[in-house]
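Remarks on the structure that follows.
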Amino acid sequence: MNVLPPTGQLIPVDAPFSAAQESWLAGFIAGIAAAGTAAAPSTPTTTVDVLFGTQTGTAESLADQLVAGATARGLGGRARALDDVTPEQLAGMSHVLVVTSTYGEGEMPDNAGLFWDALQASTVPRLEGLQYAVLGLGDTSYDEFCQAGKLLDTRFEQLGATRVHDRVDCDVDYEDPAALWTAAVLDRIAAETGATGGTGATGPATTGTTAAGGAGSTRASRPGSQWTKRNPYPARLVENRLLSDPRSAKEIRHYEFDLGDSGITYAAGDALAVVPVNDDTLVDHLLEHLGATGDEVFDGRSVRELLRTEREVRAPSKDLIADLVQRSPASELAAVVAHGDKQELDRWLWGRDVLDLLRDAGDTAPGLDELLPFLRPLQARQYSISSSPLAHPDRIHLTVASVRYGDDHRKHSGVASTHLADRVEVGDEVGVYLQPNAAFGVPADGEAPLIMVGPGTGIAPFRGFLHERAASGATGRNWLFFGDQHRDTDFVYADELAALQADGVLTRLDLAFSRDQAEKVYVQTRMREQSRELYAWLEDGATFTVCGDASRMAKDVEAALLDVIATERGRGTDDAVDYLADLRRAKRYVRDVY
């Protein structure tokens with residue numbers, strides 16, 4: 001690996017950076033220093049095309065960092081979403097760096113699917129003149145870890161491209177491996193092309209744009225924030241109110257956070273990451289089961305504090321499951337794993353946490369010192385922002401369902417949702433940081449129609465969209481499909497939506513409360529009922545947006561949308577698929593699904 005030399009005096013020895021971060025920063029600062037001493041800027045002869053596939057914005061953020069690093073080394077740089085690039089354009093590039101997350105069970109993220117489909121065609125051009133490298137982002141708790149990156153890496157090689165650096169697959173703590181990969185790849189390209197550092201050589205980093213009128217139609221150039229997962233902003237909770245009726249089977253709450261002097265600027269469609277703290281009661285029970293006091297020290301921290309703030313104690317890791325199976329091959333868990341059926345394993349694990357598995361394992365369970373390495377780092381939870389900065393510039397609103405399940409024998413609860421609901425008082429501080437999502441937002445054209453499908457808490461970003469359209473004076477029509485179980489108990493923000501209708505902001509509201517009648521009715525049912533009108537809106541240039549559950553709702557909504565298109569055009573399924581692909585390319589079919 002070609003890593004930069006020691007940072008010397010570029011970065012203070014006591015700076016709070018890891019070795020990987022220092023490596024990346026050293027290259028960046030060295031480029032700036034070179035720019036200051038150069039006699040005259042020169043035009044870069046090599047351009048690095050950074051192509052990203054993202055579902056939540058992380059890969060896009062890393063792509064922008066790659067462009068900045070390339071510029072600092074005297075290279076040209078530009079970042080674009082994978083779907084914004086055709087195979088023919090790809091074949092004309094010399095150096096390509098791909099950064100991609102993986103969506104669902106090994107699928108391409110939403111803004112990379114069309115690119116992947118095109119890359120598999122038999123007519124795709126060869127890539128012998130291309131040098132490339134791939135950075136995958138993923139989560140090892142999923143079976144198809146970083147599968148999107150693996151597929152693209154292999155396909156580029158099959159088409160004759162030359163790998164300039166080995167692919168790196170990053171787990172949820174991606175920062176250090178991503179920084180090392182970035183420094184190594186850019187250093188190698190700069191060395192091989194003879195580039196000389198200097199940000200003045202290229203001017204501002206360029207980014208791709210999308211078709212006018214689509215959601216997030218331009219990649220907004222928002223200033224970077226100092227607040228990150230490693231340095232979250234301590235935001236003060238200023239409101240926590242119950243939205244759903246107390247009789248509801250669900251508990252949906254509205255939260256508001258004061259941004260204070262954070263400098264955080266957000267856009268409608270972004271997400272907010274909330275840093276949770278594990279439930280003290282669960283931690284106590286876990287320590288009791290392990291025969292520990294919590295005062296023990298592990299990695300320089302007390303075990304109690306480690307379990308409260310740094311380790312995932314709800315969802316068992318794959319490594320822990322494998323260890324338990326090895327320790328007790330005749331257990332029920334071992335029998336389920338032996339079947340090799342992932343869905344069966346998921347069903348068996350549903351509702352079981354680390355303590356449940358340790359109790360099931362009995363005397364064969366690992367002890368404290370053996371267990372701790374198997375616990376994954378505690379991750380922040382991301383929630384779609386339900387406010388608009390035009391209407392609420394100093395606050396961020398969230399709409400969150402509190403996760404609770406279990407019986408009288410053992411109560412279970414979500415990590416972040418019940419941390420907010422039960423353990424944070426109004427006035428308390430919560431660690432947060434912004435997760436921008438430039439691909440998901442209101443249409444840039446204020447006159448363009450907007451269709452929103454968001455059942456349950458999927459309404460969150462669309463509440464923000466409607467407030468944004470109202471505050472900006474946008475004249476485009478707005479149509480919301482919303483639903484849940486019962487109108488009397490689950491119709492959240494009903495008064496707000498009625499007021500938005502009365503003000504002419506919300507043009508149409510179609511409701512689907514599934515359990516208010518014998519036959520279940522869902523948002524996709526309403527879509528099919530309004531097939532002709534829905535297609536007419538699409539023909540008028542409407543952007544179609546979806547937010548909510550990825551495993552079922554989003555797939556059912558897409559199937560209904562294809563049915564609507566096929567029915568109204570009368571040209572068959574293949575034509576409907578092509579029509580939907582065109583909407584994707586124009587950024588007029590965008591999703592925020594999880």
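If we count every other residue with Cβ under 11 angstrom of residue 105's Cβ, Lys/Arg +1 and Asp/Glu -1, where does the sum land? Its environment carries a net charge of -3. The residues neighbouring residue 499, those whose beta-carbon lies less than 15 Å from its own, together hold a net charge of -1 under the Lys/Arg +1, Asp/Glu -1 convention.
Residues whose amide H falls under 5 Å from that of residue 395, counting only those 5 or more places apart or on a different chain, are 259, with hydrogens built in the peptide plane. Around the amide H of residue 589, modelled in the peptide plane, lie the amide H atoms of 544, 584, all under 5 Å away and 5 or more residues distant in sequence or on another chain.
Please report the net charge: other residues with Cβ closer than 10 Å to the Cβ of residue 478, K and R +1, D and E -1. Summing Lys and Arg as +1 and Asp and Glu as -1 gives +3.
In segment 72-162, the DSSP beta bridges split such that about 10 percent are antiparallel, to the nearest 5. Excluding ligands, DNA and RNA, the accessible surface per residue across the chain is 44 Å² with a 1.4 Å probe. Using a probe of 1.4 angstrom, how much of the accessible area of the chain is carbon and sulfur, in percent? Answer for the chain is 49 percent, counting heavy atoms of protein chains only. From most to least packed by mean Cβ count within 10 Å, the peptides 148-159, 309-320 give 148-159, 309-320. For the chain, DSSP calls about 45 percent of its internal beta bridges antiparallel.
Where (i) 37, 34, 25; (ii) 51, 36, 20; (iii) 59, 25, 20 are the candidate values, the label of the one calculated here for semi-axes √(5λ) of the Cα gyration tensor in Å is (i). Holding the Cα-Cα limit at 22 Å, pick out from 250/520; 229/411; 150/318 the pairs that are longer than that. Check vs 22 Å cut-off fails for 229/411.
Report summary: the helix-based calculation at 222 nm, which adds -39500 (n - 2.57) for every DSSP H run with n ≥ 4 and divides by the residues of the chain, gives -10500 deg cm²/dmol.
For the chain, complete DSSP H runs whose alpha carbons reach 20 Å or more along their own long axis and whose mean Kyte-Doolittle score is -0.5 or higher are 19-37, 58-72, 175-193, 553-569.
Think of segment 497-590 as having a plus end and a minus end, set by charges on the Cβ of Lys, Arg, Asp and Glu; of 517, 546, 502, 546 sits farthest toward the positive end of this dipole.
The values are calculated or read from the model by the stated rules, or taken from the named source; none is laboratory data. This one's a predicted model, so the numbers in the text were calculated from it and none came from an experiment. So basically every Cβ, Gly included, is an ideal-geometry build from the backbone, and we count neighbours across all protein chains shown. Surface areas here come from the heavy atoms of the whole protein model, side chains and all, with no ligands, DNA or RNA. Shrake-Rupley method; radii C 1.70, N 1.55, O 1.52, S 1.80 Å.
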